[in-house]
Ligand SMILES: [Zn+2]
């Protein structure tokens with residue numbers, strides 16, 4: 001499928017670029033606003049200057065920022081942000097180790113101090129027309145295995161199936177289990193975000209036809225350089241995971257920096273930057289439109 005927007009530089013945006021963003025100038029003349037940050041957390045407390053962060057992103061050529069909720073509080077914040085900023089799109093989910101907060105101060109909900117998963121699923125369903133994906137969901141064994149996590153993940157998978165939405169999955173120290181559970185689902189549009197599993201699992205994901213993401217810290221991460229080499233361009237997205245995983249040392253990450261992931265990907269693939277941008281845009285269209 002061809003990109004819908006014309007292939008020409010957007011000079012109006014070019015004039016908005018500040019000296020702070022000179023790194024973008026060279027590449028910006030090569031493509032219009034077609035960059036995508038497929039995963040970040042704009043609701044995070046570190047973003048107390050969101051108007052500027054969004055302006056920076058637009059200046060850098062971003063057309064889409066997909067920001068992810070992980071619990072009751074952030075899911076609501078994500079919807080507000082998507083309402084407020086045109087380039088921000090929403091993804092809602094329950095991150096595996098987040099299910100036991102948020103309802104703590106609200107006695108009518110759950111005596112166990114836990115998020116009521118089924119209620120939150122109803123909330124997500126109610127907002128299905130406002131969201132692009134289910135995520136961030138997955139398994140996280142960094143604080144130990146627990147059976148609740150798998151149950152929650154399975155509910156999130158069923159929800160994505162029911163709503164026919166792509167799913168954005170994080171697995172931490174639980175990669176093999178994550179892949180196995182997803183393989184037993186009917187889902188086709190699966191995006192493995194920041195996947196750090198073994199090489200054999202990366203290959204399995206590619207064989208399954210799922211997507212992998214290239215985060216901005218690829219500039220120093222062998223793991224993601226391997227993924228960039230191994231996965232076909234038709235199965236890749238770029239992301240910041242902002243405010244985390246900055247490509248610049250000691251600097252908060254933000255969506256504008258997603259360009260660093262595109263640049264490194266182009267270098268590793270031996271492709272022109274604009275070719276990478278175009279391909280990732282087509283991946284977006286076939287998955288989300
Ligand atoms: Zn994340």
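The values are calculated or read from the model by the stated rules, or taken from the named source; none is laboratory data. Small disclaimer: the values here were computed from a predicted structure and weren't measured. Because the Cβ atoms are built from the backbone with ideal geometry, glycine has one as well, and the counts that use them run over all protein chains shown.
With respect to residue 200, is the statement that it is under 25 Å from residue 256 (Cα atoms) and without any contact (Cβ under 8 Å) to a residue 12 or more places away in the chain true? When the stated conditions are applied, residue 200 does not pass them. For beta carbons closer than 7 Å, sequence separation of 6+ or different chains, a first residue in the stretch 125-143 that is under 18 Å from residue 176 (Cβ atoms) and within 16 Å of the ligand (Cβ to nearest atom) and a second that is part of a helix (DSSP H, G or I) and at pLDDT 95 or above, the qualifying pairs are 137/153; 137/156; 138/153; 138/178; 139/153; 139/177; 139/178. Do any strands (runs of 3 or more DSSP E) entirely within the stretch 155-233 hold 3 or more residues that are within 16 Å of the ligand (Cβ to nearest atom) and in contact with a helix residue (DSSP H, G or I) (Cβ under 7 Å, 6 or more places away or on another chain), and if so, which? Filter on the stretch 155-233 gives 167-172, 211-215.
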